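Beneath this line is the structure, given in structure tokens, with notes to follow.
None of the figures in this text is laboratory data; all of them are computed from the coordinates on show. Remember, it's a predicted structure, so these values are computed and weren't measured experimentally. Cβ placement follows ideal geometry from the backbone for every residue including glycine, while neighbour counts extend to all protein chains displayed.
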Amino acid sequence: MCLGIPGEIKSIDGMEATVEFWDVEKAIRIDIVGDEVEEGDYVLNHAGFAIRKIPDDEVEETIALYESILQGDEADGLEEIGAMDEELGIGGANE
Amino acid sequence: MSDSEALQFRDPEKADRLTSRLDALMDEIGHPVNIMHVCGTHEQSIAKYGLRSRLPDGLSVRMGPGCPVCVTNMPEVDEAVALAEDGKIVATYGDMFQVPGTEKSLEDAKGEGADVRVVYSASEAHEIAAENPDEDVVFFATGFETTAAPTAAVLTDDPVDNFYVLSAHKYVPPAMEVVAELPDTDIDGFLAAGHAAVITGYGLFEEFVDEYETPVVVGGFEPLDVLLALERLLTFIRDGEPGLDNAYRRVVSEEGNVAAKERMWDVFETTSGEWRGIAEIPDANLVISEEYADHDARTQFDVAPDVGEGDPLTEQCICGDIMAGQADPDECDLFGEECTPQNPVGACMVSSEGTCKIWLEYGGQPDL
């Protein structure tokens, strides 16, 4: 729930953006990101909301960290971005 | 991504230099030091990279009340279960699904026929309400500032009439004060959570540092981020100076995310309440303000859970002591025995941010 996940903005429609995380695209709200964002920007996401634009020079390290924390536990990673239902057909986080 | 970029914050040579510096600082300090961090992601990073094995003797880094699921009080889970059993659609984060209430978890209620749905965001819970206009949909909202601001964003965006929030959101800074005051908890410094500080800003901790004369450093989550934050804390402790520093400058500013803070304080106000197993904490529970009462499940429904005695094993759970920094998971008789991620007794074993679950996943007591 509280693990911030970095993702790349692919497109923006009003206060919602399509953000890509590890080849999975999700709709993410950008109304509380607190910065102007555009396509190609990376944002730090918590529970379906972008909470900060990630400065360009910070992107690689942030992504590397989350990939490594979630390494070997793809289910946790997918759950954090809400992709469990579509990908695996189950709903419970810890099943 | 090149290896050099990816490993910039994990450079072993820099880590060695930082740990040598920690050794030297501990020698100068000359007594054991207890640091508390308040973030599940910090614990994951510390366990994952085996950082405890590199720390000097006498330097203890423990996780405090940094897991929002873990501090959600059992009666709050009971309220959600009661609403589900009363025929409402209850939506909640995956981490909350298995957390035991007094007698039942939401998973148990679902097994008995209640409509409980796991969502990954407050806006997804709102979509369920929009798609089911004839049903009452209650979002059981948990988490610290990083999820409270998103809940607020949905409530300030003209939600549909049948969308309600049962708030179990918590606000971390007052809990740090309570932990700092616990008689059996001796904390020399706090490593504050980087992502909550993205929202609140690090300036928020100034008052805490002044009042409790305890240093606070906001830290990031890469190994070097954690070691750097510890270096700053030990320097303050050596100098006898209760200072405040930001060791996560890449994303944390002094004022934080103003847009997110404004929404949060528009929708929520603080009240006192029990943090599971720790204490009654003043001003650390976020409840919905009168302006948004039309969407407050507690105002709109008669939430009166009828619960019995509960699981006797719960009495033996030391989750609260662990979050207060007074015990480690392997001091619990239930750890890895009666209490496992598959059959959790306490919330510390349920959440991916719970100390017990993290320790069990990384092979018991990690690298101590």
Square roots of five times the Cα gyration tensor eigenvalues for the stretch B:312-351, Å
15, 10, 9
Once the in-chain neighbours fewer than 8 apart are removed, the lysines whose Cα is under 22 Å from B:Lys88 read B:Lys104, B:Lys110
For chain B, the longest principal axis of the Cα atoms and the Cα long axis of helix B:258-267 enclose an angle in degrees, to the nearest 10, of 40
By count of other Cβ within 10 Å, fewest leading, how are B:Ile187, A:Ile30 ordered?
B:Ile187, A:Ile30
Please give the charge dipole size of chain B, origin at the Cα centre, charges +1 on K and R Cβ atoms and -1 on D and E Cβ atoms. Round to the nearest 20 debye.
1320
Counting only helical runs of four or more DSSP H residues, what would the 222 nm mean residue ellipticity of chain B come to if each run contributes -39,500 (n - 2.57) and the total is spread over all its residues?
-10500 deg cm²/dmol
When the distances between all Cα atoms of the protein assembly as shown are binned every 20 Å from zero, what whole-number percent does each bin get?
26, 60, 14, 0
For the stretch B:1-140, report the translational diffusion coefficient in µm²/s to the nearest whole number, using Stokes-Einstein at 4 °C, 1.567 mPa s, and a Kirkwood Rh over Cα pairs.
69
Give me P(r) over chain B, computed from all C-alpha to C-alpha distances, binned every 20 Å, as integer percentages.
29, 56, 15, 0
Nearest 10 degrees, 0 to 90: what angle lies between the long axis of helix B:122-131 and the longest principal axis of chain B (Cα atoms)?
10
Give me the angle, in degrees from 0 to 90, between the Cα long axis of helix B:172-181 and the longest principal axis of the Cα atoms of chain B, rounded to the nearest 10.
60
Using the charge dipole of the protein assembly as shown (Lys, Arg: +1 at Cβ; Asp, Glu: -1 at Cβ; taken about the Cα centre), state which of B:Leu313, B:Leu59, B:Gly256 has its Cα farthest towards the positive end.
B:Leu59
Over all Cα pairs of the stretch B:91-189, the Kirkwood radius sets Rh, and Rg/Rh then becomes 1.09
Please work out the Cα convex hull volume for the stretch B:280-368 and give it in Å³ per residue.
155
Please report B:Lys88, B:Lys14, B:Lys170 as a ranked list, fewest other C-beta atoms within 10 angstrom at the top and most at the bottom.
B:Lys14, B:Lys88, B:Lys170
Selection from B:Val118, B:Gly220, A:Val33 lying farthest towards where the dipole of the protein assembly as shown points positive, charges on Cβ
B:Gly220
Rank these for me by crowding, B:Asp311, B:Asp108, going from fewest to most other beta carbons within 10 Å.
B:Asp311, B:Asp108
If a cysteine in chain B has no other Cys Cβ under 4.7 Å from its own Cβ, put it on the list, ordered by number.
B:Cys39, B:Cys317, B:Cys332, B:Cys339
Inverse of mean 1/r across different Cα pairs in the stretch B:174-231, Kirkwood, Å:
12.1
Most packed first (mean Cβ within 10 Å per residue), the peptides B:125-138, B:288-301 order as B:125-138, B:288-301
For the stretch B:213-368, the Debye formula with one identical point scatterer on each Cα and no solvent gives log10 I(q)/I(0) at q = 0.09, 0.12 Å⁻¹ as -0.48, -0.85
Which value, in debye to the nearest 20, describes the size of the charge dipole of the stretch B:312-351 about its Cα centre when Lys and Arg Cβ atoms bear +1, Asp and Glu Cβ atoms bear -1, and nothing else is charged?
200
Suppose the Debye formula is applied to equal point scatterers at every Cα of the stretch B:76-148; what is log10 I(q)/I(0) at q = 0.16, 0.23 Å⁻¹?
-0.50, -1.00
If one computes P(r) from the Cα atoms of the stretch B:178-270, what percent of pairs lie at distances over 19 Å?
44
Just want the answer: with Cβ charges of +1 for Lys and Arg and -1 for Asp and Glu, which residue in B:Gly40, B:Thr72, B:Gln98 is farthest toward the dipole's positive end in the stretch B:1-108?
B:Gly40
Across the Cα atoms of the stretch B:251-305, what radius of gyration and what greatest pairwise Cα-Cα distance (Dmax) are found, in Å?
14.3, 43
For the stretch B:316-331, what does the Karplus curve 6.51 cos²θ - 1.76 cosθ + 1.60, with θ = phi - 60°, yield as ³J(HN,Hα) per residue in whole Hz, taken in order and with x for Gly and Pro?
8, 5, 10, 3, x, 5, 5, 6, 8, x, 9, 7, 9, x, 6, 8
